[in-house]
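The block underneath contains the structure these notes are about, expressed in structure tokens.
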Amino acid sequence: MDRPAPVTPWLRPDARGVRVAVAVTPRASRTELAGVADGRLRVRIAAPPVEGAANGELVRFLAKALGVPRAAVAVAAGATGRRKTLLVQGIAVDAARQRLGG
């Protein structure tokens, strides 16, 4: 019997890949995943939120964690806020969930 896929509110399919809802904490001691809160994947970023440094570090970190090129990850919404949505191209929801531990 097929089991339904687990519900992951912070991870949604997109025609080009997946959308990841993220809550970012800049200026952390290190860049790391920090669980899930309020329906978003929490990510601590070591970079400061100055001149796009935190967004660049977030893109680099998620690309590496998901095993995709940096060019496949883009901030789709919330570029200047702590709550962001990222578009990751070329990966399926199940693979993203497995690689991010969701």
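Yes/no matrix, rows are residues, columns are (1) surrounded by fewer than 17 Cβ atoms within 10 Å (Cβ to Cβ); (2) part of a helix (DSSP H, G or I); (3) touching a residue at least 12 places away in the same chain (Cβ under 8 Å); (4) touching a helix residue (DSSP H, G or I) at 6+ places or on another chain (Cβ under 6 Å):
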residue	(1), (2), (3), (4)
Arg30	yes, no, yes, no
Gly35	yes, no, no, no
Leu41	no, no, yes, no
Ala46	yes, no, yes, no
Asn55	no, yes, yes, no
Val75	no, no, yes, yes
Gly81	yes, no, no, no
Leu86	no, no, yes, no
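When region 88-102 is filtered for residues that are surrounded by 16 or more Cβ atoms within 10 Å (Cβ to Cβ) and basic (Lys, Arg), only Arg97 remains.
In the set (1) of a type outside the set (Gly, Ala, Ser); (2) in contact with a Pro (Cβ under 7 Å, 6 or more places away or on another chain); (3) surrounded by 15 or more Cβ atoms within 10 Å (Cβ to Cβ), the condition left unmet by Val59 is number (2).
Might you check whether a residue that is on the phi > 0 side of the Ramachandran plot and modelled with pLDDT of 95 or more occurs anywhere in region 55-77?
First, pick out the residues of region 55-77 that are on the phi > 0 side of the Ramachandran plot: 67.
In the following step, the residues that additionally are modelled with pLDDT of 95 or more were identified as 67.
Within region 55-77, one or more residues are on the phi > 0 side of the Ramachandran plot and modelled with pLDDT of 95 or more.
Of all the listed residues (Ala15, Ala37, Ala46), the sole one being touching a strand residue (DSSP E or B) at 6+ places or on another chain (Cβ under 8 Å) and more than 17 Å from Arg99 (Cβ to Cβ) is Ala37.
May I ask you to verify whether Ala23 is closer than 14 Å to Leu11 by Cα, among the small types (Gly, Ala, Ser) and at pLDDT below 95? No, not satisfied.
The values are calculated or read from the model by the stated rules, or taken from the named source; none is laboratory data. Remember, predicted model here, so these are calculated numbers, not experimental data. Ideal geometry is used to build each Cβ from the backbone, glycine not excepted, and the neighbour counts take in all protein chains shown.
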